[in-house]
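K.L.:
Shown below is the structure under consideration.
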Amino acid sequence: MGLFQDARSASTLVSNALKARLKRRELSRKLHDQPAFVPHQFKIGVYFADGEVNMYQVRQWYKPLEVLAKTWPVVILSRNTLGALKLLDESPLPVAFVRTVVDLEYFIAEQDLQIILYVNQNTRNFQMFRYGSRFHVFINHGESDKMYMTTNQFKAYDYSLIAGQAARERLGKVLWDYDFNKRAIPIGRPQADHYTGTIPFEPDEREVVLYAPTWEGDRAAAAYGSVATHGLALVEALIATGRHRVIYRPHPRSGAVDFEYGEANDQIKSLLRRANAHDRSAHHVVDEGAELGWQLSVADMAIVDISAMVYDRLAAGKPLIITKPVNPGAEIDTGGYLSDCEWLQAADAGKIVSLIDQLEHDPEAQARLDRWCTHYFGDISPGVPTQRFHDAISHLMNEWEKNAMLHEHDSD
């Protein structure tokens, strides 16, 4: 058995090495076909050291950055082969592959990067921090009440663009001796101005319900997934009315740890496809695409698990229901929105239709939603978050110019 396992491990290593070599060759061809960058072309760099598994972290910034680039040219700095391949395929922004520190230094020497934006806390961010004479700015990849949002790593950046008052209060509890008035700039969620995309059905009189659960998690504290506990019952109930359209957007890792969870996910997909075959006007959607935006915009109601989807939907200012985890070990924040949200217990999943109807005619529920939306994101009127994002960048550019003037003779 030991020899067999060793042989299989060796085979896997050889296979992975071959795949990696092929990917490097593919990337080399794509880079060769790209036009050369013009020196002094870019003012803003987006540093992304991850591979394709974390593409969602930079992907959600594409549209806001694409608009920003009309004023200040933006380039994505990629450090990973697979990440660069994906970025070259889909990014609306120019991509520079700077795999080594030497590559990075060479690119920086040719460009006038005044601001570097970071979407995550990759440890390789530290390699970029060494370059002064520019501002390093953390913009994050979402808003939530998770531990990730209170890390002391915020102090490593010159500035952080935060969502709003909730983030300010959350960070205020843990970041000691930190100048929030200067270094934490609230911008809301500019992504919400771009909740668009191709809707795969013609809107009609049906009420659209987005069900976007997370995966099962790899430990009790993160066991937020509802597919196996709530999913089948609520989807069956919605299909049965004939007046609802379901957009089912499962997490891509559903079933990675729990086989039964993956089976429940497959059953829901089959259920929706059979419903479409039975009633061709239903147009239920099994959504497994990379694009996120139109789902949040078109849905009249959203049912989500405890995940970033809670806050993505909250930024839209539209009704949502959150599934209550069955696992008693699941950690639930009791100080933010989750202390006052609309919960769906597993035992009530089959009653989802009446719960939706009740919630949509409850002015107190709408008032709660509006209050929390403002607390987390400020003014979410169309265009306002984008303007706040641009104003923040403009402020930093002005600060950079002031500092550049102060230090213009430093090399003399």
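K.L.:
Residue by residue through segment 38-49, note down the ones that are touching a Phe, Trp or Tyr at 6+ places or on another chain (Cβ under 8 Å) and either of a type in the set (Ser, Thr, Tyr) or assigned to a loop (DSSP other than H, G, I, E, B) (or both).
P.N.:
Lys43, Tyr47
K.L.:
For segment 139-174, name all the residues that are within 25 Å of Met128 (Cβ to Cβ) and assigned to a helix (DSSP H, G or I).
P.N.:
Met147, Tyr148, Met149, Thr150, Asn152, Gln153, Phe154, Lys155, Ala156, Ala167, Leu171
K.L.:
Which one is nearest to the chain's Cα centre (by Cα) among residues in segment 175-230 that are polar (S, T, N, Q) and either assigned to a loop (DSSP other than H, G, I, E, B) or surrounded by fewer than 18 Cβ atoms within 10 Å (Cβ to Cβ) (or both)?
P.N.:
In this case the residue turns out to be Thr214.
K.L.:
Considering only segment 252-280, how many residues are free of Cβ contacts under 8 Å to residues at least 24 places away in the same chain and of a type in the set (Ser, Thr, Tyr)?
P.N.:
1
K.L.:
Separate question: What are the residues in segment 110-125 that are at pLDDT below 95 and assigned to a helix (DSSP H, G or I), if any?
P.N.:
none
K.L.:
In segment 38-59, which residues are at pLDDT below 95 and in contact with a Leu (Cβ under 7 Å, 6 or more places away or on another chain)?
P.N.:
Gly51, Glu52
K.L.:
Does segment 112-127 contain at least one residue that is charged (D, E, K, R) and under 27 Å from Ala49 (Cα atoms)?
P.N.:
Scanning segment 112-127, I find at least one residue that is charged (D, E, K, R) and under 27 Å from Ala49 (Cα atoms), so the answer is yes.
K.L.:
Then there's this: Can you tell me which residue among Phe126, Phe97, Phe107 is among the aromatic types (Phe, Trp, Tyr) and buried (at least 21 other Cβ atoms within 10 Å of the Cβ)?
P.N.:
Phe97
K.L.:
Would segment 136-147 turn up any residue that is of a type in the set (S, T, N, Q) and either modelled with pLDDT under 95 or within 17 Å of the chain's Cα centre (by Cα) (or both)?
P.N.:
Yes, there is a match, as at least one residue in segment 136-147 is of a type in the set (S, T, N, Q) and either modelled with pLDDT under 95 or within 17 Å of the chain's Cα centre (by Cα) (or both).
K.L.:
Restricting attention to helices (runs of 4 or more DSSP H) lying wholly within segment 277-364, give those where 3 or more residues are surrounded by 15 or more Cβ atoms within 10 Å (Cβ to Cβ) and of a type in the set (Val, Ile, Thr).
P.N.:
On the way: elements: 294-298, 308-314, 352-360.
The qualifying helices (runs of 4 or more DSSP H) are 352-360.
The values are calculated or read from the model by the stated rules, or taken from the named source; none is laboratory data. Note that this is a predicted model, so its numbers are computed, not measured. Every residue, glycine as well, gets a Cβ built from its backbone with ideal geometry; the counts of neighbours run over all protein chains shown.
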